[in-house]
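The values are calculated or read from the model by the stated rules, or taken from the named source; none is laboratory data. On a predicted model such as this, the values are computed, not experimentally measured, just so you know. Here the Cβ positions follow ideal geometry from the backbone for every residue, glycine too, while neighbour counts run over all protein chains shown.
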Amino acid sequence: MMPNMPTETTASIFVIFGAACALLLIATIAGEILRLRLSPRGTHPAVETYVTRLHSWWAMVFLLSLALLTGRTGVILLFAFASFAALREFLTLTRKTKADHWALIGAFYAAFPLQYIFIWFGNVGLFSVLIPVYAFLILPILSALRGAGTNFLSRVSETQWGLMICVFCTSHIPALVTLDIDGSTGRSVLLIAFLVLVVQIGDLAEYYLGRKFGKTRIAKSVSPKTQAGVVWGTGFAALTGLVFFWITPFAPWEAMLIAIVIYLIGVGGSLVLAAIKADRGVKNWGHLIPGQGGFVDQMDSVVFAAPVFFHLTRYLHGS
């Protein structure tokens with residue numbers, strides 16, 4: 001446990017952990033009942049996928065809670081590993097030639113570690129521009145020096161956006177720990193819990209209620225998300241923001257509005273990554289997380305929402 005973490009922050013993490021475990025326990029019991037009734041021999045695909053995803057969620061809740069309890073070190077290391085795994089998944093599906101080797105080395109061994117070093121020291125000025133400015137300018141130069149070759153623009157763009165999504169956006173989740181919030185010393189780690197809870201609960205509501213009640217898709221050729229589902233998801237995200245406003249520096253109404261904003265940005269991120277998968281003809285980015293694909297599949301909504309949430313919070317309540 002982080003030595004300087006206030007007792008009330010630790011208590012809040014345990015409360016959130018307990019609430020998450022209670023919800024998962026209810027979902028697990030429901031899953032086992034469904035399995036006994038519909039899939040006693042493990043032959044019902046939907047039920048088995050549901051149960052497998054629950055097992056993965058148990059592991060992720062424990063892992064994230066442990067990282068939050070260890071404070072800055074645990075959180076940054078966890079998401080640095082997630083960024084590396086996600087970047088590897090992303091770039092595996094891209095087209096590369098020998099001319100891109102230097103750019104890939106620069107992405108993995110310069111841009112990626114430097115981003116997290118700047119996060120560690122809380123240098124907002126540097127980690128906000130390293131990738132979208134310097135990496136976007138320098139990496140194409142490295143490829144051009146080796147010879148442009150065919151599809152130069154698309155190859156360069158793939159590397160740039162792999163860094164943008166998997167490293168830049170993802171790194172803004174642990175960056176929340178570095179925020180110095182007025183009147184909330186030592187509680188910035190709880191902002192990560194707020195972000196994940198709002199976006200993921202909204203996503204779950206959209207997934208189940210949207211498929212049950214929704215008819216009109218919001219992006220027919222890209223995703224099964226429906227207009228009704230997004231409305232349900234927005235409502236649940238706002239409710240989650242209201243319920244957990246106490247772990248943030250936000251007033252209740254402010255927490256609800258910010259929850260709506262980050263949820264809708266997350267929906268957009270999910271659509272973007274679904275479109276990329278459709279373009280590449282794959283169902284999942286990877287198979288590292290049983291039942292849920294790879295890291296990119298699991299974090300799509302949260303990573304798009306993270307930079308927006310970070311800068312909104314810093315602008316409104318940063319000291």
### Task
Taking Arg95 as meeting all but one of (1) surrounded by fewer than 21 Cβ atoms within 10 Å (Cβ to Cβ); (2) under 19 Å from the mean Cα position of the chain (by Cα); (3) of a type outside the set (A, V, I, L, M); (4) farther than 26 Å from Val189 by Cβ, write down the number of the exception.
(2)
### Query
Which of the residues spanning the stretch 198-219 are more than 30 Å from Thr70 (Cα to Cα) and crowded, with 22+ Cβ neighbours inside 10 Å?
Ala205, Glu206, Gly210
### Task
Go through the stretch 124-155 and count every residue that is within 18 Å of Tyr109 (Cβ to Cβ) and within 29 Å of the chain's Cα centre (by Cα).
11
### Task
Output yes when any residue across the stretch 196-203 is on the phi < 0 side of the Ramachandran plot, in contact with an Asp or Glu (Cβ under 8 Å, 6 or more places away or on another chain) and assigned to a helix (DSSP H, G or I), and no when none is.
no
### Task
For the stretch 98-114, enumerate the residues that are among the aliphatic types (A, V, I, L, M) and either within 22 Å of the chain's Cα centre (by Cα) or surrounded by 17 or more Cβ atoms within 10 Å (Cβ to Cβ) (or both).
Ala99, Ala103, Leu104, Ala107, Ala111, Leu114
#### Entry: Enumeration of residues in the stretch 111-127 that are touching a residue at least 24 places away in the same chain (Cβ under 8 Å), more than 18 Å from Ala82 (Cβ to Cβ) and small (Gly, Ala, Ser)
Gly122
### Query
Would you pick out the residues in the stretch 204-215 that are in contact with a strand residue (DSSP E or B) (Cβ under 6 Å, 6 or more places away or on another chain) and in a loop (DSSP other than H, G, I, E, B)?
Gly214
## Note on the structure
Inside the stretch 62-88, the number of residues satisfying the requirement of being within 29 Å of Phe17 (Cα to Cα) and among the charged types (D, E, K, R) is 1
### Message
Which count do you get for residues in the stretch 146-197 that are more than 30 Å from Gly233 (Cα to Cα), crowded, with 23+ Cβ neighbours inside 10 Å and in the same structural domain as Ala275 (by TED's automatic domain parsing)?
### Response
0
### Task
Identify the single condition in (1) assigned to a helix (DSSP H, G or I); (2) out of contact with any Leu (no Cβ under 7 Å at 6 or more places or on another chain) that Arg187 does not satisfy, given that it satisfies every other one.
(1)
### Cross-chain or 6+ apart pairs with Cβ under 7 Å, the stretch 87-99 first and in contact (Cβ under 8 Å) with a residue 60 or more places away in the chain and at negative phi, then assigned to a loop (DSSP other than H, G, I, E, B) and crowded, with 19+ Cβ neighbours inside 10 Å
Glu89/Trp285; Glu89/Gly286; Glu89/Gly294; Phe90/Trp285
### Message
Which numbered condition in (1) modelled with pLDDT of 80 or more; (2) touching a strand residue (DSSP E or B) at 6+ places or on another chain (Cβ under 6 Å); (3) among the hydroxyl-bearing types (Ser, Thr, Tyr) is the only one that Ser65 fails?
### Response
(2)
### Query
Limited to the stretch 220-230, what total is found for residues that are surrounded by fewer than 16 Cβ atoms within 10 Å (Cβ to Cβ) and either in contact with a helix residue (DSSP H, G or I) (Cβ under 9 Å, 6 or more places away or on another chain) or in a helix (DSSP H, G or I) (or both)?
3
